[in-house]
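Written below as structure tokens is the structure these notes are about.
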Amino acid sequence: MTTLLSVPIIDLAPYFAGTAEGKAQVAAKVDEACRSIGFLVITNHGIPAELIARVSQLSRRFFDMPLAEKRNVDRPREDAVRGYSAVGEEGLSYSLEEAAPGDLKESFSIGPSNVPDDDYHRGPAAGPHFEPNSWPPIDGFREAYESYFEAMSDLSRSMMRIFALGLALPEPFFDDKIDRHISMFRVLSYPPQREAPLPGQLRAGAHSDYGSLTIVLPDDKGLQVFNKAGQWVDVPQVEGGLVVNIADLMMQWTNDQWVSTLHRVVNPPFEMASTNRRQSLVFFHQPNYDAMVECLPSCLAPGEQPKYAPISSGDHLTSKFVKQTTFGGTKVAV
């Protein structure tokens, strides 16, 4: 298998057609991408263009609100990733323990909605994973976000089934591990830069994601991936396409056979920076909090040992994302 140094574009239509040949063809391409570069662009994914446009438009309306109004839906507490986060309040490079100024972006995040009132979802073991969402007073906002969350949940389930086939596992292998997932939908807004960034300051600093997979819709250039040749390469923008990358949990599940790749969002060219506004719709897929992540049987050669001890999805997320890291004298949520 060749090592891809650029991000491939993969048509999902043969998978959704339902034939064994089509599914195998797509799974092989996805497996190659995940082993080589950890990123791919998918087309014919089934997400309605109208839904994407509606969520994008409503998100811009929210980010256009005065800061004081956006602050009304601030994150309710440090360990609950819900609501609004302002420009510079997060530094993704801190997850790598690298000092850098805060990222030049703001965000709004939600988790699962319509959560059952039972012990699994509300008991102590659930921690902050099913915290209620905060909603701004914009007509249609909540409905659009909840619809998008559900559409991304369905697409993530399909991608996990493709992953299973690519890893020589039964197609529904992951189904019972993601049926009560603790994913997050986050919209990122990168405002125009009317002042020069500080040294080392980016729209989003270099980082890897934490869960099983991420599905991204960027509306402009800037997303870059660090390939195995040590180069930063641009992720292609494809009309109607979505960017998918695997994250740390999937890399751990595959015993590092698949790669959770460093990526970043670079600043626009200086001559465009004062007027360039960028927005991304990002779905961070995370399995059920009690799903155990341990080396997959197809990813361990005879005589080889797993590189990681088993860990639950919830504990992994807490250790990677909800924790607070003190670095360079500043307490930053990562």
So, in the stretch 239-281, exactly how many residues are among the basic types (Lys, Arg) and in a loop (DSSP other than H, G, I, E, B)? 1
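Return yes or no: is residue 180 under 18 Å from residue 278 (Cβ atoms) and basic (Lys, Arg)? Don't jump to the end; show me each part of the working.
Values: under 18 Å from residue 278 (Cβ atoms): no; basic (Lys, Arg): yes.
No; evaluated as a whole, the condition is false for this residue.
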When every residue in the stretch 74-91 that is closer than 21 Å to residue 104 by Cβ and out of contact with any Lys or Arg (no Cβ under 8 Å at 6 or more places or on another chain) is compared, the one modelled with the lowest pLDDT is 91
Filter the stretch 26-50 for residues that are assigned to a helix (DSSP H, G or I) and open to solvent by less than 10 Å² (accessible area, probe 1.4 Å); the one that is nearest to residue 232 (Cα to Cα) is 36
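On the given criteria, is residue 182 modelled with pLDDT of 95 or more and in a loop (DSSP other than H, G, I, E, B)? So that I can check it myself, show each step before the final result.
Working: modelled with pLDDT of 95 or more: yes; in a loop (DSSP other than H, G, I, E, B): yes.
Yes: the conditions hold for residue 182.
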Of all residues in the stretch 1-31, how many are in contact (Cβ under 8 Å) with a residue 60 or more places away in the chain and over 25 Å from residue 216 (Cβ atoms)? 1
Among (1) in contact with an Asp or Glu (Cβ under 6 Å, 6 or more places away or on another chain); (2) at pLDDT 95 or above, the one test that residue 311 misses: (1)
Restricting the search to the stretch 192-233, which residues are of a type outside the set (A, V, I, L, M), open to solvent by less than 40 Å² (accessible area, probe 1.4 Å) and modelled with pLDDT of 85 or more? 207, 208, 209, 210, 211, 212, 214, 218, 222, 224, 227
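Rundown of residues vs (1) more than 23 Å from residue 253 (Cα to Cα); (2) among the polar types (S, T, N, Q), yes/no style:
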residue: 102; (1), (2): yes, no
residue: 116; (1), (2): yes, no
residue: 119; (1), (2): yes, no
residue: 165; (1), (2): no, no
residue: 179; (1), (2): no, no
residue: 183; (1), (2): no, yes
residue: 196; (1), (2): yes, no
residue: 200; (1), (2): yes, no
residue: 220; (1), (2): yes, no
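Which residues, taken from the stretch 151-179, are part of a loop (DSSP other than H, G, I, E, B) and either open to solvent by less than 20 Å² (accessible area, probe 1.4 Å) or of a type in the set (A, V, I, L, M, F, W, C) (or both)? Give the steps one after another, and end with the answer.
Of the stretch 151-179, the ones part of a loop (DSSP other than H, G, I, E, B) are 167-174, 178-179.
Residues satisfying the conditions are 167, 168, 169, 173, 174, 178.
Of all residues being open to solvent by 80 Å² or more (accessible area, probe 1.4 Å) and part of a helix (DSSP H, G or I) in the stretch 55-70, which is farthest from residue 146 (Cα to Cα)? Just the residue, please. It would help to see each step written out before you state the result.
Step one: filter the stretch 55-70 for residues open to solvent by 80 Å² or more (accessible area, probe 1.4 Å), giving 57, 60-61, 64, 67, 69.
Filter once more, so that each one left must be part of a helix (DSSP H, G or I): 57, 60-61, 67, 69.
Working: 57: 15, 60: 17, 61: 17, 67: 24, 69: 21 Å.
Selected residue: 67.
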If we scan the stretch 237-259, do we find a residue that is in contact with a Lys or Arg (Cβ under 7 Å, 6 or more places away or on another chain), over 15 Å from residue 308 (Cβ atoms) and surrounded by fewer than 22 Cβ atoms within 10 Å (Cβ to Cβ)? yes
Answer residue from the stretch 140-150, given it is open to solvent by 20 Å² or more (accessible area, probe 1.4 Å) and touching a residue at least 40 places away in the same chain (Cβ under 8 Å) and is nearest to residue 109 (Cα to Cα) among those: 147
Conditions (1) within 27 Å of residue 217 (Cα to Cα); (2) in contact with a helix residue (DSSP H, G or I) (Cβ under 7 Å, 6 or more places away or on another chain); (3) open to solvent by less than 10 Å² (accessible area, probe 1.4 Å) -> residue 267 fails only (3)
Within the stretch 124-139, restricting to residues that are open to solvent by less than 40 Å² (accessible area, probe 1.4 Å) and aliphatic (A, V, I, L, M), the one that is modelled with the highest pLDDT is 138
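Answer yes or no as to whether residue 289 is part of a loop (DSSP other than H, G, I, E, B) and open to solvent by 70 Å² or more (accessible area, probe 1.4 Å).
Values: part of a loop (DSSP other than H, G, I, E, B): yes; open to solvent by 70 Å² or more (accessible area, probe 1.4 Å): no.
So residue 289 does not fit the description; no.
The values are calculated or read from the model by the stated rules, or taken from the named source; none is laboratory data. All of these numbers come straight from a predicted model, not from anything done at the bench. All Cβ positions, glycine included, derive from the backbone under ideal geometry; neighbour counts span all protein chains shown. The area values use the complete protein model at the heavy-atom level, side chains included, leaving out ligands, DNA and RNA. Shrake-Rupley method; radii C 1.70, N 1.55, O 1.52, S 1.80 Å.
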